[in-house]
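**Q** Handing you a structure now.
The values are calculated or read from the model by the stated rules, or taken from the named source; none is laboratory data. Source: prediction; values computed, not measured. Using ideal geometry, Cβ is built from the backbone for each residue, glycine included, and neighbour counts are taken over all protein chains shown. We work out accessible area using only protein heavy atoms, side chains counted, and drop any ligands, DNA or RNA first. Shrake-Rupley method; radii C 1.70, N 1.55, O 1.52, S 1.80 Å.
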Amino acid sequence: EESLAIGRAKNEAAYRLFALLSPGVNIEGLTPERLVEFFRKLEDRVRVVGKGAVRRGVRSSTIMTYRTKLSAFLSWLVAQGHIKVNPLSSVAAPSVEYEDRKYLGRRDVERIFIALTVGIGWKSPLVKKRNVAIFSILLNCGLRAGELLGLRLLDVDWDRAELTVRSETSKSKRKRRVPLNSAVLDALRDYMQERH
C-alpha cells in the first residue's frame, strides 16, 4: 500500500508540472500537440538546482520519466471513460542514451580497497570490515546509496547467495533480488564474524 501511495504521488507530481507548464489545460486539451509542447518546455525550462546552480532543460531520461508517469495517468483516464485514446500513443518516445555514465577503473578500485584495508586508521576492526563490505556491495551489486542504507541482515540469503532489495527502499518501489559474487560474500562473512 505504501509503495502504491508513493507511486501515485509521483504521478500526481508529474501531472501538476504538466498543468503548471500548460496553463488552462482541461480534458479536451489533452492532445498529442499539447503534450509535445510540454516536453519542449521541459527541454527549455530554466531551474535552480543544488547550491543555487542554474540549469536549462533536462536530460532525455527525465523526459522519458515524465512521459511514463503522464502515460499512466492518461491510460487511467481512458479506463475511466474520460477520454477515448491515450494521446501519448501517437507521440514518439525520446531515445535515451546514458553516455555520461562514469566508471571506476581497476586501478581506482584497487586504491580504494587499499585505503579501506590499510590506509585509513579506523576506530575498530568492526568499522573497517563494515566499510569494506559496504564498498564491496556498492561496487558489485549496483545498489543505490538509499537502497544500501536500507539493507538489513535478513535481506541477505546466504544459501542462494543473493540480496533482496525491498520495495520500500527501492527507487522503482519494486522488490528485486541481486546475486552476490564471492568477493561480496567474503566481505560480508568477514564483517559478520567481527560483529559477533
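**Q** Based on this model, can you work out whether T164 counts as among the hydroxyl-bearing types (S, T, Y), open to solvent by less than 30 Å² (accessible area, probe 1.4 Å) and closer than 30 Å to T65 by Cα?
**A** Answer is yes for this residue.
**Q** Can you tell me which residue among G29, G52, G24 is over 19 Å from the mean Cα position of the chain (by Cα) and at pLDDT below 80?
**A** It is G52.
**Q** Let me ask something additional. Select from segment 97-122 the residues that are hydrophobic (A, V, I, L, M, F, W, C), modelled with pLDDT of 85 or more and surrounded by 12 or more Cβ atoms within 10 Å (Cβ to Cβ) and list them in ascending order.
**A** V109, I112, F113, A115, L116
**Q** Out of contact with any strand residue (DSSP E or B) (no Cβ under 9 Å at 6 or more places or on another chain) and open to solvent by 40 Å² or more (accessible area, probe 1.4 Å): which single residue out of L20, L42 fits that description?
**A** Values: L42 fails: open to solvent by 40 Å² or more (accessible area, probe 1.4 Å).
Sole residue among the options that is out of contact with any strand residue (DSSP E or B) (no Cβ under 9 Å at 6 or more places or on another chain) and open to solvent by 40 Å² or more (accessible area, probe 1.4 Å): L20.
**Q** Go through segment 131-153 and count every residue that is assigned to a helix (DSSP H, G or I) and within 20 Å of K175 (Cβ to Cβ).
**A** 10
**Q** Looking at segment 58-72 only, could you name the residues that are among the β-branched types (V, I, T) and in a helix (DSSP H, G or I)?
**A** T62, I63, T65, T68
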